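Data first, discussion second: the structure below is written as C-alpha cells.
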Amino acid sequence: MVRKQLLREFEERGARSVENDRMIFAELAEHYRENYLKEAEYVDGRKVGGLRSVSSAKTFLNSLCEHFSNRRLRTITYGDIQRFRSTRLKTPIKRSEPKKPIKRIEQQAPTKRSEQRSIASVNRELTLLRRMMGIAEREGWIIKNPFDMGEPLINPADEKKRERILSREEEMRLLEACTGRTSHLRPILICALDTGMRHGEILKLIWADIDFTNGLITVRAFNTKTMRERQVAMTIRLEQELWKLYQTAQNKNALVFGIKDNVKRSFNTVRSTAKLPDVRFHDLRHTAATRLVAKHLPLSEVGRVLGHTQPTTTYRYVNSNVETAKRAALALDTFQAEIQTEKTEETKERIN
C-alpha cells in the first residue's frame, strides 16, 4: 500500500518527491517554530492562530528534537514513537534543590533531586508530535501520519487525576500566610476559591470586567480556555477584597490584580509558610467545585460556573474527599441500623 503511494507520488511530483524523502525532523521543527509557535492571536474575541502557552510548547519541542532531530521524517514509525514514549516515562525529571547554608556567607551549590515523570507530561509531548506529523502529512512531506498506524498512543484515561481539596482549616492557614511581601496574593486566592476561575482568567481581569452594582465578574471569551464568555457571581468576602483594590487603583482600565504573568514565586512562599507544600494553585479550583457540589448545586450548573463545555470535564473536578467518604459510611450504618430495628420489632411481635 505504502509502496504504491510512493510510486504514485514520484510520478506526480518527480524531484520534489525525492526532496520530501530526505527531509529530517529538525526541518519540520523549524517550520513549526516559524509558522505555529507564536503567541495566540484574536479577532473579535476568537482565537484565530497561535498558542496560549508558548513556553510549554517550546519545552515539549526541545524534548522531541533531542530524540528525533536528525531522523528522516519518512523513517519515523509507529514503533519509534512507542519507544520514545517508553523512554520518556523511564527518564526522571531533575529538579534543583538548594542546600541549607552551613555559614551565613557561604552558600553550597544546589543539589539535584529526581522525580518520576508523569504520564500527563509525556502525553503533552506526544500531542505536539502528533500535530507536527499531521502538518507534515498535509504538506506532503510524509505519506501517512505514523500515529494512525496502530492503537492510540495518547490515552488521557491513564493520567493520574489529582484529588487535593483544601479543608477550611487549610484555607485559613493559606490566607493567613499572605502577609508582608505576599499580601497581594490574598485577594487572588480568595477569587480562585470563591469563583473556581482558572489562574489565567483571574490574572487577566480588568476593572471593566467587575460589576459591583450586580455583584458579577465577566470572564471574557479570549481569556478562557474554551473561548466562551461567562459571568461569575461574587461572594461577599470577594466583593469586599475587590472593592479595597478598586479604591486604591490608579488606573481604572488596568489589570485588577496588577500582575501580568504568574504568581508562582509568591504562591510557593505562601504554601511553604502555611506548611502546605503539596497544594497547587489549580487545587483551589477543584476545591471550589467540590464545595458547590457539597451544597447540592447541580453538576450542570457547576459546569457553567467553571466554564466547562462537557459534563465529563466537570466530573473530574468533583472529588470524593475523606469527609464525603465518612458521610457515605454513616449513611450505610444508618441503613443497617434501620434493618436491625425492624428485625427486633418483628421478633417482639412473634413473642407476644
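The values are calculated or read from the model by the stated rules, or taken from the named source; none is laboratory data. All of these numbers come straight from a predicted model, not from anything done at the bench. All Cβ positions, glycine included, derive from the backbone under ideal geometry; neighbour counts span all protein chains shown.
Being among the basic types (Lys, Arg) and within 19 Å of the chain's Cα centre (by Cα) is the filter here, so list the residues in the range 221-247 that pass it. Across the range 221-247, the qualifying residues are Lys225, Arg228. For the range 164-181, the count of residues that are out of contact with any Ser or Thr (no Cβ under 7 Å at 6 or more places or on another chain), outside any helix (DSSP H, G or I) and closer than 15 Å to Val270 by Cβ is at least one. Against the numbered list (1) surrounded by fewer than 16 Cβ atoms within 10 Å (Cβ to Cβ); (2) in the same structural domain as Val305 (by TED's automatic domain parsing), Asp209 comes up short only at (1). Inspect the range 210-232 for any residue being over 22 Å from Gly50 (Cβ atoms), in a helix (DSSP H, G or I) and modelled with pLDDT of 90 or more and give the result as yes or no. No, every residue in the range 210-232 fails to be over 22 Å from Gly50 (Cβ atoms), in a helix (DSSP H, G or I) and modelled with pLDDT of 90 or more. Under the condition of being in contact with a helix residue (DSSP H, G or I) (Cβ under 6 Å, 6 or more places away or on another chain) and either part of a loop (DSSP other than H, G, I, E, B) or of a type in the set (Ser, Thr, Tyr) (or both), the residues counted in the range 233-252 number 2. Count of the range 52-92 residues, restricted to those that are in a helix (DSSP H, G or I) and farther than 17 Å from Leu37 by Cβ, is 17. Evaluate the following for Ile142: is it under 19 Å from the mean Cα position of the chain (by Cα), outside any helix (DSSP H, G or I) and closer than 25 Å to His31 by Cβ? Here the answer is no, as Ile142 does not meet what is asked.
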